[in-house]
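> This is the structure, below, for whatever I ask next.
The values are calculated or read from the model by the stated rules, or taken from the named source; none is laboratory data. Being a predicted model, the structure only gives us computed values, none of them experimental. We place every Cβ from the backbone using ideal geometry, glycine too, and count neighbours over all the protein chains shown. In case anyone asks, the SASA skips ligands and DNA or RNA and just uses the protein heavy atoms, side chains included. Shrake-Rupley method; radii C 1.70, N 1.55, O 1.52, S 1.80 Å.
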Amino acid sequence: MEKWQVGVFTSIDAGLGLPLPVAREIGVRNVQLHAPARSNRTEQNADQTLDQLGEFGIELTAVFGGFAGESYADIPTVARTVGLVPPETRAERLTEMQEISDYAQRLHCSVVALHLGFVPHDTEASLYAEVCEATRSLCDHCSTRGQTLHLETGQESAEGLLQFMSDVDRDNLFINFDPANMILYGTGEPIEALRKVSEFVRSVHCKDANWSDQPGETWGEEVPLGEGQVGMEAYLRTLDEIGYAGPLTIEREIPQEVDRQKSDIGGAVKLLETLREKILVRS
Ligand code: MG
């Protein structure tokens, strides 16, 4: 793939992405896909999706896992409900992530990704060791399928994430960097964080946000790309500096406002293409 090909985050049923036909309409050539709900994660559905991607000429670059019962309503709710951290659902969700890895394999996709949830900060806590073990086990499952596992950023500081990855200690574990999440969750200045975790960044989201007046306590606000406090040109220049050449996957998480989501993403494609030309071609 050409350096920095612009893509978009998509969904079939679950998740906050754009439907695949809309991604085609917008004209992108690669997508990440939120895995469909378990009942739709059938071989038949995988084959249909594969056919549709082929027909649209769209390359699938990552499959994201997500689970029933997760809620992003506010930061404490995320901590309670998201990912492989909550103990009550961990075993079941680990099995489900392994199924999502198998589903991704049927789609010929070698990247599986997820929001792990809020990893405990106390590295001596038993919960921390349990989350490390669950992640290790998922990495090993992905590894047998020739896949890498990418952790979405935001819920941890750059330092916390690096510590966790080092403790998990698997060579197919990488990062899907989302600059807006660092702002939304109040976990750090995104460009600085990107530099710190740079050696592990294998996929990225292009999303923008404004800081909350109580960072880490309440959500920041997600806004159209280029209108927030990430600084898109600085973000792309830093990606260039760290040697990131993969796709630029746009996220705009307002699926309840279909028309606005589509037009904001259309605007984001134009912005990224302009910046890409400015940074890569004219420099
Ligand atoms: Mg994201």
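> Which residues make up the longest stretch of the chain clear of chymotrypsin sites (Phe, Trp or Tyr not before Pro) that lie in a DSSP loop with no more than 16 other Cβ atoms within 10 Å, not counting the sites? Mind dumping the intermediate values first?
Values: sites that count: TYR72, TRP211.
In the chain, the maximal stretch lacking such sites is 73-210.
> Do any GluC sites (Glu not before Pro) in the range 92-168 lie in a loop, going by DSSP, with at most 16 other beta-carbon atoms within 10 Å of their beta carbon, and if so which? Write down the numbers at each step before the final one.
Details: sites: GLU92, GLU96, GLU99, GLU124, GLU130, GLU133, GLU152, GLU156, GLU159; in loops: GLU124, GLU156.
The qualifying sites are GLU124.
> Within 10 Å of each candidate Cβ there may be at most 15 other Cβ atoms; applying that plus a DSSP loop requirement, which trypsin sites (Lys or Arg not before Pro) in the range 1-108 survive?
Details: sites: LYS3, ARG24, ARG29, ARG38, ARG41, ARG80, ARG90, ARG93, ARG106; in loops: LYS3, ARG29, ARG41.
Passing sites in the range 1-108 are LYS3.
> Only bridges with both residues in the chain count here: give the DSSP antiparallel percent, nearest 5. All intermediate terms of the calculation are to be shown ahead of the outcome.
Details: 3 of 32 bridges.
The antiparallel fraction comes to roughly 10 percent.
> For the pair GLN214 and ASP51, what calculated FRET efficiency results from E = 1/(1 + (r/R0)^6), where r is the Cβ-Cβ distance and R0 = 41 Å, to the nearest 0.05?
Given R0 = 41 Å and the Cβ-Cβ separation, E is 0.30.
> Now for a separate question. Determine, for the range 6-281, the count of lysine pairs separated by eight or more sequence positions (or lying on different chains) whose alpha-carbon distance falls under 17 Å.
Values: LYS207/LYS262; LYS207/LYS270; LYS262/LYS270; LYS270/LYS278.
Value for the range 6-281: 4.
> Distance in nm between label sites at ILE279 and SER166, each 7 Å beyond Cα in the beta-carbon direction?
Label at ILE279, label at SER166, 2.8 nm between them.
> Rolling a 1.4 angstrom probe over the protein chains, ignoring ligands and nucleic acids, what is the accessible area of THR274 in square angstrom, nearest 10?
Approximately 80 Å² for this residue.
> What are the semi-axes of the equivalent ellipsoid for the chain, taken as the square roots of 5 times the Cα gyration tensor eigenvalues, largest first, in whole Å? Write out the running numbers ahead of the final one.
Numbers: eigenvalues 135, 110, 66 Å².
The equivalent ellipsoid of the chain has semi-axes of 26, 23, 18 Å.
> Would you work out the relative contact order for the chain, in percent, from Cα pairs under 8 angstrom that are 6 or more residues apart? Kindly include the intermediate steps, with their values, before the conclusion.
Details: 551 pairs, mean separation 48.2, N = 283.
After rounding, I find 17 percent.
> Determine the per residue accessible area of the chain with all protein chains present and a 1.4 angstrom probe, expressed in square angstrom.
On the way: 12080 Å² over 283 residues.
It amounts to 43 Å² per residue over the chain.
> Given a 1.4 Å probe and every protein chain left where it sits, what share in percent of the accessible area of the range 6-281 is carbon and sulfur?
Numbers: 5410 of 11480 Å².
Carbon plus sulfur share of accessible area: 47 percent.
> What does the charge dipole of the chain about its Cα centre add up to, to the nearest 20 debye, if the Cβ of each Lys and Arg holds +1 and the Cβ of each Asp and Glu holds -1?
780 debye
> Turning to a different aspect of this structure: Between MET1, PRO19, GLY69, whose Cα lies farthest towards the positive end of the dipole of the chain when Lys and Arg beta carbons carry +1 and Asp and Glu beta carbons carry -1, centred on the Cα centre?
Result: MET1.
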